[in-house]
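J.: So that we are looking at the same thing, I have put the structure below in structure tokens.
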């Protein structure tokens, strides 16, 4: 067992019960905690800090979480976005787990957004092609910025309102593209959630809902 593994044994055991296997990496003054390659926490002197930004960070602060309040580690890692959670949150395993999962998802979403931001054409996204660029152009979506702003749901609703034949598969392609992943990697849960939100939007637009097939 390495020093890093030994020093983080207790916190990794706690987190493993909640979200599965967690690994640790030395970051000079502290340890970074990772779930499947995504860093979501810091561990220093026996204290666990959860990563959070924007509305999520504001929520944690409203619940009594305290920011690490340092500017950086090794000149690269901003750790003011890491929070020590109060006992009121960590004592409830269901709440604790949901917060960690939200943190991990936030990191993944940010990474995907950064990767997508580096692309300039709609056809450069996963699952999409020049065919999709031409399709979206029919509803006045000519660039990636507008597509990202509208999102998959509003884009699909535009297509349907225009009377354009758009099978559900197109919606899955658009949805996965904005997550920067292959459409085949969408889980059943992700599809159910996305379809539910899509049907709400379709209903609001006076259009028929779609069943998951």
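The values are calculated or read from the model by the stated rules, or taken from the named source; none is laboratory data. Predicted model only: the values in this text are computed from it and were never measured. Positions of Cβ are generated from backbone atoms using ideal geometry, with glycine treated the same way; all protein chains shown enter the neighbour counts.
J.: Considering each of 102, 16 in turn, give the residue that is at pLDDT 95 or above and exposed (fewer than 15 other Cβ atoms within 10 Å of the Cβ). Let's see the steps before the verdict.
T.: On the way: 102 fails: exposed (fewer than 15 other Cβ atoms within 10 Å of the Cβ).
Being at pLDDT 95 or above and exposed (fewer than 15 other Cβ atoms within 10 Å of the Cβ) holds for just one of 102, 16, which is 16.
For every residue, the table says whether it meets (1) touching a residue at least 24 places away in the same chain (Cβ under 8 Å); (2) within 19 Å of residue 91 (Cα to Cα); (3) assigned to a loop (DSSP other than H, G, I, E, B); (4) under 19 Å from the mean Cα position of the chain (by Cα).
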| site | (1), (2), (3), (4) |
| --- | --- |
| 31 | yes, no, no, no |
| 34 | no, no, no, yes |
| 39 | yes, no, no, yes |
| 43 | yes, yes, no, no |
| 48 | yes, yes, no, no |
| 55 | no, no, no, yes |
| 59 | no, yes, no, yes |
| 64 | yes, yes, yes, no |
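J.: So how many residues does the stretch 10-21 have that are touching a strand residue (DSSP E or B) at 6+ places or on another chain (Cβ under 9 Å), in a helix (DSSP H, G or I) and farther than 10 Å from residue 43 by Cβ?
T.: The total comes to 2.
J.: Determine if the stretch 109-123 includes at least one residue that is over 29 Å from residue 55 (Cβ atoms), in contact with a helix residue (DSSP H, G or I) (Cβ under 6 Å, 6 or more places away or on another chain) and surrounded by fewer than 19 Cβ atoms within 10 Å (Cβ to Cβ).
T.: Yes, the conditions are met somewhere in the stretch 109-123.
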